[in-house]
Amino acid sequence: MNSISKEKEFERSVKNKFNVYNSLFLNLPFRSISNIGMLIPLMQTIFKRELDSGSDPLTIMDSFLTTHADLKTEEQKIDFMFRVIQYIERQIVLYDSIEDAAFPQILKLEDSLTLKDYINLSDTTKTQAGIYQTLSNFSIRIVFTAHPTQFYSPPVLDIIAKLRNLITENDIPGMDLTLQQLGLTSLVNVKKPTPLDEAKNIIYFLRSVYYDAAGELYNEIKSSVPDRNFDNTNIIQLGFWPGGDRDGNPYVTSDTTAAAADELRMTLMKCYYRDVKDLSKKLTFRDIQGSISGLAAKLSASRFNPDEAVKYEEIINPLNAVRESLIKKYNSLYLEELDSLIDKVRIFKTHFASLDIRQNHSVHKKTIEEILKKQKSVSQSPDKFSRKQLISILTHKRFRINPDQYEDKLINDTIKTIKQLKHIQEKSGEDGCCRYVISNSEDIFSVLFVFALLRWCGWSEGKIPFDIIPLFESMEGMKNSEFIMKELFEIPEYRQHIKNRGNRQTIMLGFSDGTKDGGYLQANWSIFKTKETLTSVCREYSIEAIFFDGRGGPPARGGGKTHRFYAAQGPKIANHAIQLTIQGQTITSKYGTKEHFINNCEQLITAGLHNSLFAGENSISDESRELIETLAQISYEKYNELKNHKTFVPYLENKSTLKYYGRTNIGSRPAKRGTKKRLDLSDLRAIPFVGSWSQLKQNVPGYFGVGTAIRILVDKGKLNKLKKLFKEAVYFKALILNSMMSLSKCNFELTDYIKKDREYGEFWNILYEEYKLSIEMTLLISGYSTLMEEDPVTKESIKIREQIVLPLLVIQQYALQKIEQNISDAGTYEKIVQRSLYGNINASRNSA
């Protein structure tokens, strides 16, 4: 089907349905102000017109409150704004539900290929054989992270799921009732969630979506491959960071990690128990019933008791025995249902999702230093060791470490965490927790400190059943990564460790901090080149490189169109697996329903297949590489100039919502690392950094420097070469299209008033000029007449979302302007700013 058909279907099943259900919703009464729903469409129209004419939010809002809302007192006006925010938050939930309900129908009109289509279109037996071989060794790993942009509680998620079903069935009475329920249900946490709360919120999706979806996807993969001997349940892997990611989050402790692992395992046992009980009603044969009921009893006991852990063999062996009996004695009755359960057991084993541990290198460094100070066999201060001496100690020395010897809480808990990993593996299986990610990896000791801690805290002899994963996130870290990995591979003890791990080295590359550090083009191009370099290094040592991408949601954090990104990887980049983090609203928008999960996973698999078999198509010529390199460097210089501008940090602090992220009850993690009062950009976490630009509707990290870089090359007579680059270099095109998405979500009219500000006007103008230039230049080299021309459905979705959220954004800016006036009621307006964050985050769906 062509895009016109897709656009018509979107209009029919999304836009028109939203208009119908929104009219129902807008007539729902709220306490004290019954006509607020009718005023919201008026606000959308008037606010858009007034912003376009150059009015500022303060003037617009004051006029509307007096003229159209007829509100007299300050108390009435404030109450009205809070009610508007509540309405818009729920409008966004309604729109999300309608869009998700329409997804299966719109998907049928997509140009993207299913796995079965991909195989069937393969024109040679040789190509098909290559596909089967690749599928047999390939894997995707979706790692769900807990970041402060996913805050709906399970009860609200249940309402959203209910809305999707009612929309699909066109059940108007049911919608009316459920919308009333939505209107009266709080969407905001009363208090900050704990890390365990965040874990449970993500486990909601594991239980309600991914358990069945992964089973269906695997069955679909098997049915797509004519070879009935296909057996690769590792092709679908789920990872989990809530409860294990302690980088910058002091609230994640060893107890949290243990509880998260238990919660994952117990939830999985509940899923298994449900399936086994359903099977028991069908497998009513005398010599099978005993095995089924015995398994059900074991699973039942382990559902709520963290100390009752069932081994993998205790689940899979009875099921395999029942399978054999069904085939031999009972005409393979209900074999398909049993095989479906067996596949799920082989996929999820006893852990459900693999819990990753992540901590910052600086914490390990501090811990190692304190450990060495207490060792009698170490005769000198750690800072006096030569590099060679320290490597020898970390790889050879054996120490017994007791966490209670260390008074420092962070060091004490770091040791406790590592010591308990063996216990977690004993209960949940090795796959339950077998990866340790090190943030801020800048040298070989980032890895060797963790290697030593694992040796000293549980595995003093024999194999260490953990992948030690350096995370190179800064420009400097990526630059040094080649030499770091080479030096590590030259250390016999570490090389043996890699051999024990199947000669595979997982390396994580972080988009978000890279973008914050080097700007959009430079960060993305550096990651691409780093992957090529590290692939070559690993191949030199006969090691398979596995790249784990911290992709997040928006283009500024490595997100955007995921399939397009992975389909654009070239032949110089290892393609044994695709691993990426999914976070925030991206969990609900891209993986929140069974249909979304299956489609997005399938697209990742086809991207991997394409790269394995046709990677040559994505080769970047030397001439193209030179062009991209030049663009990235110019872009970096432009972004670096902005980042070093004296107003950069003050602008974020005083003109954006940055300071309010940490005050909301969205996530458990602080907005910045460390405890320094003065804001340091290097300490600022990427989510509030990117999110604050998104709240301003300026999205600087997703485009800044792109326009300048292109214009400079155009001025040098290279326009035709740039057009050719866009057309032929798939990777470069993917970067530009993602940047176009960031640009399409900007609305500088919202903050146009800042250009008159004595302190910040010049800086605002710098941003605005680059924004305009980036639109002009990306359209010039693409040949498009408008942004996102190739993706009209997503473009229209963004347009509708921006229209919905506009009153909320104006209220947010109005509150910020009121606060600047140093009014006596500033605290109330600060609360308005905090409340306004939620709806805008969800409306963008991949804003932070």
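The values are calculated or read from the model by the stated rules, or taken from the named source; none is laboratory data. Since this is a predicted model, take the numbers as computed values, not measurements. As a convention, Cβ positions derive from the backbone with ideal geometry for all residues, glycine included, and neighbour counts pool all protein chains shown. These area figures cover heavy atoms from the full protein model, side chains too; ligands, DNA and RNA do not enter into them. Shrake-Rupley method; radii C 1.70, N 1.55, O 1.52, S 1.80 Å.
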Ser824 passes all but one of (1) assigned to a loop (DSSP other than H, G, I, E, B); (2) touching a residue at least 24 places away in the same chain (Cβ under 8 Å); which number fails?
(2)
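For (1) farther than 20 Å from Ala574 by Cα; (2) touching a residue at least 60 places away in the same chain (Cβ under 8 Å); (3) among the acidic types (Asp, Glu), each residue gets a yes or a no:
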| position | (1), (2), (3) |
| --- | --- |
| Glu473 | no, yes, yes |
| Glu476 | yes, no, yes |
| Ile484 | no, no, no |
| Phe489 | no, no, no |
| Glu493 | yes, yes, yes |
| Ile498 | no, no, no |
| Arg504 | no, yes, no |
| Met508 | no, yes, no |
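For region 731-745, enumerate the residues that are open to solvent by 20 Å² or more (accessible area, probe 1.4 Å) and closer than 14 Å to Gly702 by Cβ. Full working, then the answer.
Of the residues in region 731-745, the ones open to solvent by 20 Å² or more (accessible area, probe 1.4 Å) are 733, 744-745.
Listed by number, the residues that qualify are Ser744, Lys745.
Given the criterion among the charged types (D, E, K, R) and modelled with pLDDT of 95 or more, identify the matching residue among Lys222, Lys270.
Working: Lys222 fails: modelled with pLDDT of 95 or more.
From the options Lys222, Lys270, the qualifying one is Lys270.
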Residues located in region 576-598, provided they are out of contact with any Phe, Trp or Tyr (no Cβ under 8 Å at 6 or more places or on another chain) and open to solvent by less than 50 Å² (accessible area, probe 1.4 Å)
Gly584, Gln585, Thr586, Ser589, Ile598
Looking only at region 308-327, decide whether some residue is open to solvent by 70 Å² or more (accessible area, probe 1.4 Å) and part of a loop (DSSP other than H, G, I, E, B).
yes
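Restricting to region 740-751, give me the number of residues that are assigned to a helix (DSSP H, G or I) and within 22 Å of the chain's Cα centre (by Cα).
Taking region 740-751 first, the residues assigned to a helix (DSSP H, G or I) are 740-744, 748-751.
Adding the requirement that they be within 22 Å of the chain's Cα centre (by Cα) leaves 740-744.
Adding up the residues that qualify gives 5.
Does Arg678 satisfy being modelled with pLDDT under 90 and more than 23 Å from the chain's Cα centre (by Cα)?
Working: modelled with pLDDT under 90: yes; more than 23 Å from the chain's Cα centre (by Cα): yes.
In short, yes.
So for region 33-44 (the condition being at pLDDT below 85, of a type in the set (A, V, I, L, M), surrounded by 16 or more Cβ atoms within 10 Å (Cβ to Cβ) and in a helix (DSSP H, G or I)), does at least one residue qualify? Give the steps one after another, and end with the answer.
The initial filter retains those residues of region 33-44 that are at pLDDT below 85, namely 33-38.
Pick out the ones that are also of a type in the set (A, V, I, L, M) and you get 33, 36, 38.
The next check asks that each one be surrounded by 16 or more Cβ atoms within 10 Å (Cβ to Cβ); those that pass are 33, 36.
Filter again for in a helix (DSSP H, G or I), leaving 36.
For region 33-44, residues at pLDDT below 85, of a type in the set (A, V, I, L, M), surrounded by 16 or more Cβ atoms within 10 Å (Cβ to Cβ) and in a helix (DSSP H, G or I): present.
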Only residues that are open to solvent by 50 Å² or more (accessible area, probe 1.4 Å) and closer than 17 Å to Ile202 by Cβ: list them for region 252-300, please.
Lys270
Enumeration of residues in region 328-355 that are without any contact (Cβ under 8 Å) to a residue 60 or more places away in the chain and either under 39 Å from the mean Cα position of the chain (by Cα) or part of a loop (DSSP other than H, G, I, E, B) (or both):
Tyr330, Asn331, Ser332, Leu333, Tyr334, Leu335, Glu336, Glu337, Leu338, Asp339, Ile342
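Report, by residue number, each residue of region 173-209 that is among the aliphatic types (A, V, I, L, M), open to solvent by 70 Å² or more (accessible area, probe 1.4 Å) and in contact (Cβ under 8 Å) with a residue 60 or more places away in the chain. Full working, then the answer.
Of all residues in region 173-209, those among the aliphatic types (A, V, I, L, M) come to 175, 177, 179, 182, 184, 187-188, 190, 196, 199, 202-203, 206, 209.
Of the ones still in play, those that are also open to solvent by 70 Å² or more (accessible area, probe 1.4 Å) are 177, 184, 190.
Val190 - this is the single residue of region 173-209 that is among the aliphatic types (A, V, I, L, M), open to solvent by 70 Å² or more (accessible area, probe 1.4 Å) and in contact (Cβ under 8 Å) with a residue 60 or more places away in the chain.
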In region 514-542, which residues are open to solvent by 10 Å² or more (accessible area, probe 1.4 Å), not aromatic (Phe, Trp, Tyr) and not in a helix (DSSP H, G or I)?
Ser542
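Show me the helices (runs of 4 or more DSSP H) found entirely inside region 400-513 where at least 2 residues are farther than 27 Å from Leu238 by Cα and open to solvent by 50 Å² or more (accessible area, probe 1.4 Å).
Numbers: elements: 409-419, 421-428, 445-456, 475-489, 492-500.
The helices (runs of 4 or more DSSP H) meeting that bar are 409-419, 475-489, 492-500.
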